[in-house]
Amino acid sequence: MTSLAQASRALLRRRAFTLATILILSAGIAVTTTMFSIVNGVLLRPLPYPDAAQLVTVYESSPGQRERVSLLAPVRLDEWNRQTRAFSSLSGSYTENVTDTSGAEPERLDGRRVMPRFFDVFGMRPLLGRTFVPEEERFGGSTAAVISEGFWTRRFARSPGAIGARLIVGGTGYTIVGVMPGTFTAAATDVWIPAQLAGEMMRIRAARFLVGVGRMKAGITIPEAQDDLARVQAALGAQYPETDKGWSADVRDMKQIRVGDHRRPLVLVFGAVAILFAIAVANVAGLMLVQLHRRASEFAIRAAIGASRWRIVRAVMEEVLLLTLAGAAAGVGLSYWLSGIAAAAFSAIPGIAETGIDIRVLGFVAVVTVAATAVFGLLPALFATRVTMAGRGDTGRRHRLQAGIVVAQLALGVVLAGSAGLLLRSYGAMTGVETGFDPARVLTFHVGAAWDEDRARIGQLQVRLLSELERLPGVRAAGYANFLPATGATLRLQVVVQGLASQERGGAFTSGSRTVTAGYLKALSVPLVAGQWCADVRADFHTQRVRDAMVNRSFVERFAAGQNVIGRRLEFSQQGGGAFQITGVIGDVREDGPAAPPVPYVYICLPAGSWPDPQYVVRSDGDPRALAGAIRGLVKSLDASRPVFGLKPLTEVMDAALDQPRLNATALATFAAAALGLAALGLYGLLMLLVAQRRRELGVRLALGASPRDLARVVIAGAGRLVGAGIAAGLVLMLAAGRLLRTLLFGVAPYDPRALLWSVAALAFVALAAIVVPARLAARTNAMEAMKAP
């Protein structure tokens, strides 16, 4: 304790150094710990279910088709469940947003229809009540609902009285039987309702719309489970060759599916934070070397009175220990605050809300602290005491070590700046891509409707709503589609076109699909290339006739080799739903996302009511948000039980599609700026030290006739060599970084010259800022005073 007290007093005497060291360490540890807690919670921690390693997501697959993986048909799920040997249970679900009218105002709820055994697969106990029983899961059974913890809190203020309460969905009452904890799903789900599919639907083998989930038996691996379902499906293919032959199963780890495309960006940001922390530690090491140099006479006196080198090193390390403990404690405390900010910034990442400081994170902090102690404390202490014991003539080694630290900082700064430049240019390329439509002055919204409602009634409402919307002042066009473009809602179907032959199995083409009205395409200013628009939407849901369809330019170029397709018959293979006649060709729209190239798409114009809950779009002459009040009032006048939700300009929807690339670029640019700042600080500290140590030499140069400008050149030349070495090393490291960034880039090569030039220019700028003060100090050297310096 006595030695630690002495170390505390020694640090208090050097308040500026102590404060700077603790601030740099605490900031570095806080940011690094926060990012590791996110990586730990999202990537490393298992899913919050019992025996989570046994949970998988199950799809159908058809290796012979262009789109290999498909959703699961209910009938096939039932057959797999009965015949599997590898699974204890299989189930599935699909999204269906519903409107609850049990309150004073209708409310749209994020819903999910679930198949039997859904909650059994996950094995998680509800917070309150129970999950579904078999009688509630069969067709025609009792109506029940399980709600989420978030909805329970919002609607019922966490009251136990929620159990037994009723929700009114589509005129039917659903009794709430349970509440699931917030960790059960990362999706924005309010309520789970049994699918209760009718027998007719359970016989349609081509109706693939379920996301399958399964729990493997203990000891079963994913390859074994996939082989087992492939065996079952092969038997079904022989039994039902027309619909099942050539199909198989695809089994994937549920954790990997949940994480999805978020893995690479998280690893990228964590890597950037780790580099930044390494630069911060290197900076502290440079500060420590300066301090130890200033204490050289103190160490020499200690050695003269009998202190060994290891005794001096231990005294230094006691001070370092106090600094690192203070920095680690402050960093962990700051990390609690940063975790909340990070959770809001990365809210789209599944599981981000459950991240926090746990045993693994604290262990990471301990490892980081020990490593930081060794790098910025032990190594400089060993080096400095070695130089002190050897005498003053060995100071060149210290300068070389400090120079090496600065070069490493500069090199890592180049890597971060170059990587940020690549991502920024990639983001710029995405924002500048030609989407094929004009989102400006377009408002989009939903009107609550359910799939199990009377479709004819919904169709009449949709026709009246579109007609009234087009009469509103300032409205140029109005329509709807099942999904908006560039939002990642990818649908792939097999189509057969009269007079065109495909090389794929069955002679069908794999094409994207959208359900639209002509008013939707006009509202988005999608160009008509050939033919004519679909007929205006009509409420003839039950009328059997050939419907209109349109295809895009890519469809014609890829499948028809430029032939005229107007008037040809089009059918969806294995899908049913009647035939369509191609009436027109439209321009290519980036339906699958801003970074995805246009692909063949079919735009079918179904009767009103075919898609109960579409995305409405309205093009206005001015600010589209000004129409919000009129739209709400119009819907209320047509049907007061229908909620209007999701009212927002289409430009906001498009911006949201670029959130992840923007976040990647912004985060890396922020870290790059911090890294360059720290590197400049390290360069500044080294140059100031060199100027102070070479005062006598500079005085001699002045006495021999050198000008102040010559002295400044000496400092600038030395700094130039360090900066050049840092740039060279950084560009070499960028070769490796470019390969890692390749999958995150769009429209930019991994070794884009502009990005590399940007990183070099940024480093040169901060280096110039760091050189100015030391160069001016050298130029102002007084020859007489410098000659008297010790």
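Tabulated values for the structure
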read-out	value
Relative packing of peptides 702-712, 462-472, 583-593 - highest average C-beta neighbours within 10 Å first	583-593, 462-472, 702-712
Rg ratio (alpha-carbon, reference 2.2 N^0.38 Å) - the chain	1.21
Inter-label distance for Thr490 and Thr670, nm, one decimal - labels placed 7 Å from Cα along Cα-to-Cβ	3.0 nm
Per-pair calculated FRET efficiency, R0 = 30 Å: Val433 and Gln498 via Cβ, rounded to 0.05	0.30
J(HN,Hα) series, the stretch 22-30, from Karplus relation 6.51 cos²θ - 1.76 cosθ + 1.60, nearest Hz, glycine and proline x	5, 4, 5, 5, 5, 5, x, 5, 5
Three-way shape label, the stretch 449-642, alpha-carbon gyration tensor, a/c 1.5	prolate
Within the stretch 647-664, backbone nitrogen closer than 16 Å to the virtual label 7 Å beyond the Cα of Ala626 toward Cβ	649
Per-pair calculated FRET efficiency, R0 = 35 Å: Met202 and Arg538 via Cβ, rounded to 0.05	0.65
The stretch 567-646 - percent relative contact order, Cα under 8 Å, separation 6 or more	13 percent
Under 5 Å, built H, 5+ apart or other chain: amide partners of Val602	Gly512, Ser513, Arg514
Normalised per residue, the volume of the convex hull around the Cα set of the stretch 63-246 (Å³)	134 Å³
The stretch 25-117: GluC sites (Glu not before Pro) in DSSP coil with no more than 15 other Cβ atoms inside 10 Å	Glu67
Packing rank of 273-284, 551-562, where each peptide gets the mean count of other beta carbons within 10 Å, highest leading	273-284, 551-562
Residue order, fewest to most beta carbons within 10 Å, for Thr355, Thr515	Thr515, Thr355
Helix 359-373 axis, angle to the chain major axis (alpha carbon atoms, nearest 10°)	30 degrees
Extension gain (nm, one decimal) between Phe209 and Ala769, 0.36 nm per residue minus Cα-Cα	195.6 nm
Contact order normalised by residue count of the chain, Cα under 8 Å, 6+ apart, percent	16 percent
Computed label-point distance, nm, for sites Arg130 and Leu321 using a 7 Å Cα→Cβ extension	6.0 nm
Residue-wise HN-Hα coupling along the stretch 590-596, computed from phi with Karplus coefficients 6.51, -1.76, 1.60 (Hz; x: Gly, Pro)	6, 6, 8, x, x, 8, 8
At R0 = 22 Å, FRET efficiency that the Cβ-Cβ distance of Ala187 and Ala656 yields, to 0.05	0.85
Within the stretch 557-600: backbone nitrogen closer than 20 Å to the Val546 label point (7 Å, Cα to C-beta)	560, 563-586
Distance (nanometres) between label positions extended 7 Å along Cα→Cβ at Ala561 and Ser467	4.7 nm
Vicinal HN-Hα couplings computed from phi for the stretch 38-54 (Karplus, 6.51 cos²θ - 1.76 cosθ + 1.60; Hz; Gly/Pro x)	5, 4, 5, x, 8, 9, 9, 5, x, 4, x, 10, x, 6, 4, 5, 8
Difference of contour (0.36 nm per residue) and Cα-Cα distance, Arg252 to Thr95	54.5 nm
Estimated [θ] at 222 nm from DSSP helical runs (n ≥ 4, -39500 (n - 2.57)) normalised by residues in the chain, nearest 500	-16500 deg cm²/dmol
P(r), alpha carbons of the stretch 1-84 - 5 Å bins starting at zero, rounded %	3, 10, 8, 10, 9, 9, 8, 7, 6, 5, 5, 4, 4, 6, 6, 1
Kirkwood hydrodynamic radius of the stretch 451-526, Cα pairs, Å	15.2 Å
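Values in this text are rule-based calculations from the coordinates and carry no lab data. All values derive from a computational prediction rather than experimental measurement. With ideal geometry, Cβ positions are generated from the backbone for all residues, glycine too; neighbour counts draw on all protein chains shown.
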